[in-house]
1. Against the definition (in contact with a strand residue (DSSP E or B) (Cβ under 9 Å, 6 or more places away or on another chain) and either part of a strand (DSSP E or B) or surrounded by 11 or more Cβ atoms within 10 Å (Cβ to Cβ) (or both)), how does residue 17 come out, yes or no?
2. For residues that are under 24 Å from residue 15 (Cα atoms) and surrounded by 13 or more Cβ atoms within 10 Å (Cβ to Cβ), tally how many sit in the range 56-68.
3. Does the range 30-45 hold any residues that are at pLDDT below 95 and loosely packed, with under 10 Cβ neighbours inside 10 Å, and which are they?
4. Within the range 30-76, work out how many residues are within 9 Å of the chain's Cα centre (by Cα) and either outside any helix (DSSP H, G or I) or in contact (Cβ under 8 Å) with a residue 60 or more places away in the chain (or both).
5. Yes or no: the range 2-9 includes at least one residue that is more than 20 Å from residue 70 (Cα to Cα), in contact with a helix residue (DSSP H, G or I) (Cβ under 6 Å, 6 or more places away or on another chain), in contact (Cβ under 8 Å) with a residue 40 or more places away in the chain and not in a loop (DSSP other than H, G, I, E, B).
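The values are calculated or read from the model by the stated rules, or taken from the named source; none is laboratory data. The structure displayed is predicted, hence computed values, not measured ones. Here the Cβ positions follow ideal geometry from the backbone for every residue, glycine too, while neighbour counts run over all protein chains shown.
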């Protein structure tokens, strides 16, 4: 229902340039994290939730891929439990 408050966590896995040392895990280059988040939230309107205005708790992170992890995004959505803190 449109009145349900939601939590969302987005983890963006971006390709690691071959020239970048392995110890570097944070992706500090473009694309901008805000724009990545907006694109995902807009794309999931009417698919995963009624409207992205239902999202009251949002966590976003972007990292370089490591090991067997392929580039992409991990999306977690759940109902907000209890009141806001």
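1. no
2. Residues meeting the conditions: 7.
3. 30
4. 9
5. Within the range 2-9 (the criterion being more than 20 Å from residue 70 (Cα to Cα), in contact with a helix residue (DSSP H, G or I) (Cβ under 6 Å, 6 or more places away or on another chain), in contact (Cβ under 8 Å) with a residue 40 or more places away in the chain and not in a loop (DSSP other than H, G, I, E, B)), the answer is yes, since at least one residue qualifies.
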